[in-house]
Amino acid sequence: MTKLQGLVASVLVFLLAACASLPPQSNRTPTFALQNTESTRLGAIFTPEEQSHPGNSAFHLLQDPVDAIVARVVLAETAERSLDLQYYIWHDDLTGRELAAALLAAADRGVRVRVLLDDLGTNADDQVLLALSSHPNMKIRLFNPVASRHFKSLAAALEFSRVDRRMHDKAMIADNEAAILGGRNIGDEYFGASKVVVMGDLDVLVHGPVVRDVSNAFDQFWNAQSSYAIEQLIGHQADPSALAGYRAKLNEYIKSQHDSPYIVEARQRMARVLAAGNVDFSWGQATLLYDDPAKVTRDPNDPEGHLMTRFAALHLEPEHEMLIISPYFVPGKAGVAWIREQTARGVKVTVLTNSLAATDVVAVNAGYQHYREDLLTAGVRLYELKPSGSGKAKAQHRYFGSSKASLHAKTYVFDRQSVFIGSMNLDPRSSHLNTEIGVLCNSPAIAGQVVDDVEPNLDVIAWRVEQRTDANGKHRIVWIDTAENGTVTEFDTEPGTSFTQRASIWFLGLLPIESEL
């Protein structure tokens, strides 16, 4: 063995040793959501209405991306006792920093802040997390983290079977009185601030009894064996000057963005919300559905503690119509069979997913294509989002220069009576590998609002996918494009894509990767 080979071998041995184990979780005191928060500002606002709707919860849709970040910042600025946040992705960009600053300001006021992040999804700077966690009122934990922090990418590959299991949840809770659930991560593309892409998404702001359920779910994750304090992973506390240094850089950045078009727009909307003093809510029964955090330690095929297991136990059987909105849609044979059962009973099933031209995860599209013909044969009204989005979306983002639309909402409506809003895609990864969370809102007002916002615009914002049969009985798939002026064009190949893109999808479709999608 040469000296170079010996050096490489030594490095690999070191890495393997570093990846072998995570630090012990001994002597860790669990913490839980704060109770008796009715006297907080949020409690004073919501409690009287809740007393008028015993047993029910309140829902307010956050359809507009700017409103969605404004709602989070308002909650952070209004909270008096606690803020709990759980996210798969948190980017170090404009909206990510604005929310971080709002949390830091809350901690300065004495609010207890707990932030749980997915380690690989966020891929944050450990030193920044360490600095924030040094604040006496703020604590940061990472879910199912990579053990080696210095060689993270390689270590993740070496630990693939464990770190392939991710926390995909998205939730924010203020004072155990209000919560936001839905599909949005924290980043510019989710809040209409990106110049590259806008993710079409949906959140719901809730208050009432369901908030205590969200807090309980958060506590289970926060205290889980798979959640590690950033200090545990790094092996030491932050430098005493780290927080002040980060705060100075953060404040300087936010000051530099003070007059940017996006921040001006957001500031104006926040002023209107605060001036109004209230938000319109619809009321109904709420059922929180989420995966047990221990799901990531069990065999993927073990249904114990699965969100989908709990969802199935509700026996939701639409009688008239069902709207499925899932950006990553790989229903599998069982999913197609269930949908076929619905259409056979006369249920109108409409599916909106990403087109190949719009998707941000190409491999998932390869999995979806395996089931496209079966879905059409089953009578599904199938739509694939156009990357240009709708005229409404273009106008909405005229200040921010977004050039591409991509679907990210995970929303399922049953008979215009109830709607599930959360982080769960209809794909194997959400079902078996990741943890997910969402709320089933039994509210015709909210369910109808979602349908009325989507259905009338489908033919404009998306390509209608249909199946044609020629004289010889041979099937082919076509994409129907309806322009805003009513002009209809039919395509025989996936519009907006190149031969190279379609060839790559065909090749990916040959690989046995569906369980990872």
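No lab work stands behind these numbers, since they all come straight from the coordinates. This one's a predicted model, so the numbers in the text were calculated from it and none came from an experiment. Glycine gets a Cβ as well: all are built from the backbone with ideal geometry, and neighbour counts include every protein chain shown.
With +1 assigned to the C-beta of every Lys and Arg and -1 to the C-beta of every Asp and Glu, and no other charges, what is the dipole magnitude of the stretch 291-516 about the Cα centre in debye, to the nearest 20? Before the final figure, lay out the partial values.
Numbers: 22 positive and 29 negative charges, 80 e Å.
My answer is approximately 380 debye.
To the nearest µm²/s, what D does Stokes-Einstein give for the stretch 99-214 at 20 °C and 1.002 mPa s, using the Kirkwood radius over alpha carbon pairs as Rh?
Numbers: Rh = 16.1 Å.
Estimated via Stokes-Einstein, D reaches 133 µm²/s.
Magnitude of the charge dipole for the stretch 32-84, about its Cα centre and with charges confined to Cβ atoms of Lys, Arg (+1) and Asp, Glu (-1), is about 100 debye.
What does the charge add up to near residue 487, with Lys and Arg as +1, Asp and Glu as -1, over the other residues with Cβ less than 13 Å from its Cβ? Mind dumping the intermediate values first?
Values: positive: none; negative: 459, 481, 484, 490.
With Lys, Arg at +1 and Asp, Glu at -1, the neighbours total -4.
Can you tell me how the stretch 291-516 classifies by the Cα gyration tensor, rounded, prolate or oblate, using a/c under 1.5 as the rounded cut? Here the stretch 291-516 falls in the rounded category. Placing a pseudo-label 7 Å from each Cα along the Cα-to-Cβ vector at residue 470 and residue 511 gives an inter-label distance of 3.3 nm. Taking +1 at the Cβ of each Lys and Arg and -1 at the Cβ of each Asp and Glu, which of 178, 318, 31 sits farthest along the dipole of the chain towards its positive end, judged by Cα position relative to the Cα centre? Ranked along the dipole, the leading option is 31.
Which net charge results when you count Lys and Arg as +1 and Asp and Glu as -1 among the other residues whose beta-carbon is under 14 Å from that of residue 113? It would help to have the intermediate numbers written out before the result.
Numbers: positive: 72, 81, 109, 112, 114, 139, 141; negative: 77, 80, 84, 108, 175.
Around residue 113, the surrounding residues sum to +2.
Neighbour counts of C-beta atoms inside 10 Å place 189, 38 in the sequence 38, 189, starting with the fewest.
What 222 nm value per residue comes from the helices of the chain, counting each DSSP H run with n ≥ 4 as -39,500 (n - 2.57) and dividing by all residues, nearest 500 deg cm²/dmol? Before the final figure, lay out each step's value.
Numbers: 19 runs with 200 residues, N = 517.
Result for the chain: -11500 deg cm²/dmol, rounded to the nearest 500.
With neighbours defined as other Cβ atoms within 10 Å of a residue's Cβ, the residues 482, 353, 487, 359 order from fewest to most as 487, 482, 359, 353. Considering only Cα atoms, the convex hull volume of the stretch 135-272 works out to 180 Å³ per residue.
The Cβ shell under 11 Å around residue 317 holds other residues with a net charge of -2, Lys and Arg each +1, Asp and Glu each -1. Between the residues 86, 151, 222, the greatest Cα displacement towards the positive end of the dipole of the chain, with unit charges on the Cβ of Lys, Arg, Asp and Glu, is found for 151. Remark: 338, 222 ranked as 338, 222, counting other beta-carbon atoms within 10 Å and listing the fewest first.
What you get for the chain, charging only the Cβ of Lys and Arg (+1) and of Asp and Glu (-1), is a dipole of about 880 debye around the Cα centre. Once the dipole of the chain is set up with Lys and Arg at +1 and Asp and Glu at -1 on Cβ about the Cα centre, which of 63, 365, 377 lies farthest towards its positive end? Of the candidates, 365 comes out farthest on the positive side. Given (1) 70, 51, 44; (2) 77, 76, 47; (3) 80, 52, 42, which label gives Cα extents along the principal axes in Å as computed from the coordinates? Label (2) holds the value from this structure. Where both bridge residues fall in the chain, DSSP classifies roughly 70% of the beta bridges as antiparallel.
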